[in-house]
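**Q** Mind having a look at this structure? Questions to follow.
Only the coordinates and a few stated rules stand behind these numbers; no lab work does. Owing to the predicted nature of the structure, the values given are computational and were not obtained by experimental measurement. Virtual Cβ from ideal backbone geometry, glycine too; neighbours counted across all protein chains shown.
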Amino acid sequence: MPKFKDKVNDLVKSSNNALGTKKRRSESATASFKPMYSRAGIRKWSNDDRIQMEFTRIQDGLENKLIPSIVKDKPKVPDWLSQVPAIFFFFGDTGKGKTNACLVLVEAYIKEGAFTHVFIISPTYDQNKAFDVLGVPPERVWKGPQALHNSVQCFLAADKAVEQLAIDYAKYEEWRDAHARYTKYFYTGYPKDFPHAQKMRDENIVHKHDYKPPPFMPRPRPAMIIDDLASNAIYDRNSPLLYHVLTYRHIYGIGLSLFLLVQNYKGIEKKIRQNVKQFLLWHTHDSTQLAAVGEEISAGVPVQQFYEMFERATNKNYNNGEGWHFLKIDMETQNEALMFTRDFDTTIRMKTIKGGEESDDEETISRKA
């Protein structure tokens, strides 16, 4: 049986062959090659050169100041949960527990108040009773052959429902603000410089609602789960899903979190994959799929170390084989310790072992306090 290091080396070789990539240089090594010159005769630096740099601020130069932006009612979640809206990508072989982990994660967000409405598109919804834990109303679920063969139409229908949430909330805000202004200026009168058109609009709105305030409506925070549709039209480059992947933070003024569960990583349009910042990865026997994962989302970790971390995090099951561990990557977390975790509750730290000796998982992984 091949040793673990041999398996990793073979995987790196297959990665380079499959993707046509050159072997990366080690960050700590200094390659030796002769200085090069461009056609214009300007010398290019080689890796043998020691470059001293000095940064001097330009007098009266243009400063790249942060432009203030208004983030309305941004949900607060614990550090161990990624900030939403976000896109979560679940990849692994069938039967590894992707749907279970997705439902556990979505339920945690619901308990934190981060999601108010959940929409589900899944051909296998009826066969998986675990979905019941979310209590999603039937009108927000697209399932069976309809979801499999008409996935784009199902997505557009779900998208229409998300848009309607935004429209209803905008009407609520208009009613709420108009009533607040009308009540404020009822006795004193509107200020002289207050726009007359806005004053008339406020009076029309409160009169329409019999001068009553609106019942409280929480800001919509929708989430959409798309399960078991890898290599389907919904993931094509011309799919409307691509637009949502690019604009999910601000779409319809309320944002939308997406949970994408697939078994075929390369079957997803690359532009979609490139915009995902949260990955949950399970063990796979397809080396070409894993090679693509390593090249695209190693998050700054050298590819060979990434493969080793992936192998160590995902090569064990639990609960008598009913569940498998997964590697979670959060590229947007402000806490570096939470960038890589095994499952949701175990942080991963990497260290150099002198003499090339391998260590157990317990030596390289520390439990989150």
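**Q** Consider the range 211-249. How many of its residues are farther than 30 Å from Phe186 by Cα and either in a loop (DSSP other than H, G, I, E, B) or touching a His at 6+ places or on another chain (Cβ under 8 Å) (or both)?
**A** Here the count works out to 15.
**Q** Restricting the first residue to the range 204-220 and requiring it to be loosely packed, with under 12 Cβ neighbours inside 10 Å, which pairs with a second residue that is polar (S, T, N, Q) meet a Cβ separation below 9 Å and a spacing of at least six or different chains?
**A** Hits for this filter: Pro218/Thr116.
**Q** Would the range 114-135 turn up any residue that is part of a loop (DSSP other than H, G, I, E, B), more than 29 Å from Lys316 (Cα to Cα), in contact (Cβ under 8 Å) with a residue 60 or more places away in the chain and of a type in the set (Gly, Ala, Ser)?
**A** Scanning the range 114-135 turns up at least one residue that is part of a loop (DSSP other than H, G, I, E, B), more than 29 Å from Lys316 (Cα to Cα), in contact (Cβ under 8 Å) with a residue 60 or more places away in the chain and of a type in the set (Gly, Ala, Ser).
**Q** Filter the range 80-114 for residues that are of a type in the set (Ser, Thr, Tyr) and either within 17 Å of Asn128 (Cα to Cα) or touching a Leu at 6+ places or on another chain (Cβ under 7 Å) (or both) and give the result.
**A** Thr94, Thr99, Tyr109
**Q** Taking only pairs six or more apart or across chains, which ones have beta-carbon atoms under 6 Å, a first residue in the range 174-196 that is more than 22 Å from Pro214 (Cβ to Cβ), and a second residue that is aliphatic (A, V, I, L, M) and not in a loop (DSSP other than H, G, I, E, B)?
**A** Taking only residues 6 or more apart or on different chains, not a single pair turns up.
**Q** Assuming Leu280 fulfils every condition listed in (1) out of contact with any strand residue (DSSP E or B) (no Cβ under 7 Å at 6 or more places or on another chain); (2) in a strand (DSSP E or B); (3) of a type in the set (A, V, I, L, M) apart from one, which condition is it?
**A** Checking Leu280 against (1) out of contact with any strand residue (DSSP E or B) (no Cβ under 7 Å at 6 or more places or on another chain); (2) in a strand (DSSP E or B); (3) of a type in the set (A, V, I, L, M), the one that fails is (1).
**Q** Tell me yes or no: at least one residue of the range 189-199 is in a loop (DSSP other than H, G, I, E, B) and closer than 30 Å to Thr288 by Cβ.
**A** For the range 189-199, residues in a loop (DSSP other than H, G, I, E, B) and closer than 30 Å to Thr288 by Cβ: absent.
**Q** In the range 243-279, how many are of a type in the set (A, V, I, L, M), more than 16 Å from Val162 (Cα to Cα) and over 13 Å from the mean Cα position of the chain (by Cα)?
**A** 2
**Q** How many residues are in contact with a helix residue (DSSP H, G or I) (Cβ under 6 Å, 6 or more places away or on another chain), surrounded by fewer than 22 Cβ atoms within 10 Å (Cβ to Cβ) and not small (Gly, Ala, Ser) when one looks only at the range 273-299?
**A** So the count comes out to 6.
**Q** If you check Ile254 against the conditions, is it within 30 Å of Cys154 (Cα to Cα), in contact with a helix residue (DSSP H, G or I) (Cβ under 8 Å, 6 or more places away or on another chain), without any contact (Cβ under 8 Å) to a residue 60 or more places away in the chain and buried (at least 21 other Cβ atoms within 10 Å of the Cβ)?
**A** Values: within 30 Å of Cys154 (Cα to Cα): yes; in contact with a helix residue (DSSP H, G or I) (Cβ under 8 Å, 6 or more places away or on another chain): yes; without any contact (Cβ under 8 Å) to a residue 60 or more places away in the chain: no; buried (at least 21 other Cβ atoms within 10 Å of the Cβ): yes.
For Ile254, the condition - within 30 Å of Cys154 (Cα to Cα), in contact with a helix residue (DSSP H, G or I) (Cβ under 8 Å, 6 or more places away or on another chain), without any contact (Cβ under 8 Å) to a residue 60 or more places away in the chain and buried (at least 21 other Cβ atoms within 10 Å of the Cβ) - is not met.
**Q** When the range 140-195 is examined, which residues are found to be within 33 Å of the chain's Cα centre (by Cα) and of a type in the set (Gly, Ala, Ser)?
**A** Selection gives Gly144, Ala147, Ser151, Ala157, Ala158, Ala161, Ala166, Ala170.
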